[in-house]
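Have a look at the structure below, then the notes.
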Amino acid sequence: MSIKIEKKYYGHPDFYIILNELRELHSRKNKQYASNTDPLGNFRRCGNMASKLFKEGVPTDLAICLCYMSKQIDGVFEIVGESKKNTVDSLKDKLEDIAVYSIIAIILSREGKKDDS
């Protein structure tokens, strides 16, 4: 991929190529997760789900794992509930991610209980 860099930009040419790739990735994912009225709605929805986790007594590592899982659950709602097509990740990808995060959450929960004893 070749990109013409305007003379007003300084630095390594690959930096601007990578920025262009990131712009495309952001656009594809935003089309899947966000709405026309709120381009950061997916973060707000997940933030609402996760807000209950960040309180006294909840281990931070477990809370972060569950936040990551909530992002995948939000993606499932978009694919199934909103009938979004041609998403970056498939429904199967999302469900597998949820399964992996669930197992990691079980491990973190068990490890947290060992720390409490």
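Some observations on this one:
- Residue check for Val100: over 22 Å from Lys113 (Cβ atoms), aliphatic (A, V, I, L, M) and either free of Cβ contacts under 8 Å to residues at least 40 places away in the same chain or surrounded by 12 or more Cβ atoms within 10 Å (Cβ to Cβ) (or both): no
- Qualifying residue in region 85-94 (condition: of a type outside the set (Lys, Arg) and touching a Ser or Thr at 6+ places or on another chain (Cβ under 8 Å)): no
- Residue list for region 23-58, restricted to those being within 14 Å of Asp74 (Cα to Cα) and among the hydroxyl-bearing types (Ser, Thr, Tyr): Tyr33, Ser35
- Put simply, of Lys71, Lys55 the only residue that is of a type in the set (D, E, K, R) and under 18 Å from the mean Cα position of the chain (by Cα) is Lys71.
- The helices (runs of 4 or more DSSP H) found entirely in region 1-104 that carry 3 or more residues being modelled with pLDDT of 90 or more, of a type outside the set (A, V, I, L, M, F, W, C) and out of contact with any Asp or Glu (no Cβ under 9 Å at 6 or more places or on another chain) are 13-33.
The values are calculated or read from the model by the stated rules, or taken from the named source; none is laboratory data. What you see is a predicted model, and the numbers here were worked out from it, not measured in a lab. We place every Cβ from the backbone using ideal geometry, glycine too, and count neighbours over all the protein chains shown.
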